[in-house]
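Q: Have a look at this one before I ask anything.
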Amino acid sequence: MAVLFQDVTERRQAELALRQLNETLEARVAEALAERRVLADIVEGTNAFVQVVALDFRWLAINSAAANEFERIFGPRPKVGDSMLDLLADQPENQAQVKAVWARALAGEDFVEVGTFGDPGRDRRAYEMRFGVLRDENGDQAGAFQFVYDVTERLHEQERLQEAEDALRQAQKMEAVGQLTGGLAHDFNNLLSGIAGSFEMIGSRLSQGRMRDVERYLSAGQGATRRAAALTHRLLAFSRRQTLSPRPIVINRLMADLVDMVRRTVGPSIAVETVAAGGLWPTLVDSNQLENALLNLCINARDAMPDGGSITIETGNKWLDRRSALERGMEPGQYVTVCVSDTGVGIDKAIQERVFDPFFTTKPIGEGTGLGLSMVYGFAKQSHGHVRIYSELGQGTMVCIYLPRHFGEEEIEEAHPAAPFPQPSAGETVLVVDDEPTIRMLIVDTLNELGYSCAEAPDGPAGLKILQSGARIDLLITDVGLPGGLNGRQVADAARALRPDLKVLFITGYAENAVLNHGHIQHGMEVLTKPFAVADLAGRVDRMLRARP
């Protein structure tokens, strides 16, 4: 007997490996199919509208929610293989809208958009649509897919919320207006009582021939008038309508005179210190109004330190990046800062957001008007800057004014020697244009006493007619707000076209700053704000007419 043996170990191992591979492959396929079924069930069961579209606008896939919604708002029910353009062929407007939004995705754009779709005769809804690009195994675009959510109710809720916020802001505005007008009525009634009472007493004393008391009542009436002018000045600053004459300055140059004035105001129990930054940038600002704002801050600081303390006035350069500017509610960029800090009682954080509101004050009744900080805030905003407050109870307060950096040279103001009281003129003629007869009378009488000849007009067209007559006019004094279709700036521009060297003095009651180009007026033009002292008017006219190039 012969026995033949053959080694089949490798074949047997290969068979076993193949069997294991088949078993593993079956398990992997079953696992993959189960995973796909789970994903399919999720896509099918979600309330999102899911669609997959080929490059020819035919559906490759669409879940039931999307098919139901399409049928509800458009009419026909889509299925895989249909063309959305064909289904909407009898609805050209809807077809164009759907084609436009899908064309962007089929052109390769990933985007999110909110739009309103649907046949007006059926229903129209707002949808948030998220589009993505569908690619094949080679990375080439095969179509686009879309996930959509109905956001109609969310948008309606946002609209209702916006309406509620608008109503709240309107209510707050009316409350502020009521507070403002109430405070104004109180203060102005007091001031008008002082003015009217002074006039009555002057009239009474004159009729009795008792001249000795007239001076006292004149002084009382003039003092009330000055306080009324200061009140309107603060209101205009808060409303950002005061007249500003900005020029490029380095604030450090104002510090010496300002500190002297502050020390005289706050008294000897409070130390006043300054920290002037080296290399301080110029800023475009009205120096007089800046000094007024800083003086207001120093007075507030004084009142916060009844037992004495210290005030520090500090300047600096600040470069705010986007994050820092956002924290301060400002625009990014370069700013010049001037800060006033004190060692006083501080301000509760609960009321810090209200300290810039008009007539809001932490002082006892009768000891504060509540307009100091609001004036500072309005001035900073009108100067294209901002103001910030930092305070801790028992630690003190710091208020910082931020003013934009001026990219240019500083303008050094020429010193004018103190002028004596104006001497009688040599026949110069002044044209006065103002719609208020009382003001025209006062100006004309004042100038006549000084020897000037005067012509007057109640409105712009009448004043321009005099200028066109060829009569001698050496100076034009005009109100900015005039009736008759021509404001004071337009009259001045027309006058300069006829008489290029004519000097112009604008007078204004509430500083129509935009009309005056925000203080940027031509050479030979100046601004005088009402109410003004007669002596100031006379001195200004004399200086302008005596000026030489």
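The values are calculated or read from the model by the stated rules, or taken from the named source; none is laboratory data. As the structure is a computational prediction, the values presented were derived from the model and not from experiment. For neighbour counting, all protein chains shown are included, and Cβ atoms are generated from backbone atoms with ideal geometry for every residue, glycine included.
Q: Spot the failing condition for Ala105; the list is (1) surrounded by 16 or more Cβ atoms within 10 Å (Cβ to Cβ); (2) over 22 Å from Asp136 (Cα atoms); (3) modelled with pLDDT of 90 or more, and only one is missed.
A: The single condition Ala105 does not satisfy is (2).
Q: Only residues that are of a type in the set (Val, Ile, Thr) and over 22 Å from Leu393 (Cα atoms): list them for the range 305-337, please. Full working, then the answer.
A: Step one: list which residues in the range 305-337 are of a type in the set (Val, Ile, Thr), which gives 311-313, 315, 336-337.
Scanning the range 305-337 gives Thr315, Val336, Thr337.
Q: If you check Val43 against the conditions, is it out of contact with any His (no Cβ under 8 Å at 6 or more places or on another chain), modelled with pLDDT under 70, buried (at least 16 other Cβ atoms within 10 Å of the Cβ) and farther than 16 Å from Met129 by Cβ?
A: yes
Q: For the range 126-159, enumerate the residues that are part of a helix (DSSP H, G or I) and either more than 25 Å from Asn47 (Cα to Cα) or of a type in the set (Asp, Glu) (or both).
A: Glu153, Glu157, Glu159
Q: Got a number for residues in the range 476-502 being surrounded by fewer than 21 Cβ atoms within 10 Å (Cβ to Cβ) and either touching a strand residue (DSSP E or B) at 6+ places or on another chain (Cβ under 8 Å) or of a type in the set (Lys, Arg) (or both)? First the steps, then the outcome.
A: Restricting attention to the range 476-502, the residues satisfying the condition of being surrounded by fewer than 21 Cβ atoms within 10 Å (Cβ to Cβ) are 481, 483-487, 490, 493-494, 496-502.
Remaining after also requiring either touching a strand residue (DSSP E or B) at 6+ places or on another chain (Cβ under 8 Å) or of a type in the set (Lys, Arg) (or both): 481, 496, 499, 502.
Number of matching residues: 4.
Q: Name the residue, out of Ser193, Ser207, Ser239, that is modelled with pLDDT of 80 or more and among the polar types (S, T, N, Q).
A: Ser207
Q: For the range 281-292, check the following and say yes or no: at least one residue is farther than 24 Å from Gly396 by Cα, in a loop (DSSP other than H, G, I, E, B), at pLDDT 85 or above and in contact with a strand residue (DSSP E or B) (Cβ under 7 Å, 6 or more places away or on another chain).
A: Yes, the conditions are met somewhere in the range 281-292.
Q: Of everything in the range 74-109, what is part of a helix (DSSP H, G or I) and among the basic types (Lys, Arg)? Give them in sequence order.
A: To start, the set of residues in the range 74-109 that are part of a helix (DSSP H, G or I) comprises 74, 84-87, 92-106.
Result: Lys99, Arg104.
Q: Limited to the range 326-357, what total is found for residues that are part of a helix (DSSP H, G or I), touching a residue at least 24 places away in the same chain (Cβ under 8 Å) and farther than 22 Å from Leu403 by Cα?
A: So the first thing to find is which residues in the range 326-357 are part of a helix (DSSP H, G or I), and the list is 326-328, 349-354.
Still in the list and also touching a residue at least 24 places away in the same chain (Cβ under 8 Å): 328, 349, 352.
Add one more test, that the residue is farther than 22 Å from Leu403 by Cα, and what stays is 349.
Final tally of qualifying residues: 1.
Q: Would you call Ala271 touching a helix residue (DSSP H, G or I) at 6+ places or on another chain (Cβ under 6 Å) and either modelled with pLDDT under 75 or in a strand (DSSP E or B) (or both)?
A: Taking the combined requirement at face value, the residue does not satisfy it.
Q: Considering only residues that are small (Gly, Ala, Ser) and modelled with pLDDT under 80, look in the range 385-415 and name the one that is surrounded by the most Cβ atoms within 10 Å (Cβ to Cβ).
A: The residue in question is Gly408.
Q: Here is a follow-up. On the given criteria, is Ala418 modelled with pLDDT under 90 and aliphatic (A, V, I, L, M)? Walk me through it before giving the result.
A: Details: modelled with pLDDT under 90: yes; aliphatic (A, V, I, L, M): yes.
In short, yes.
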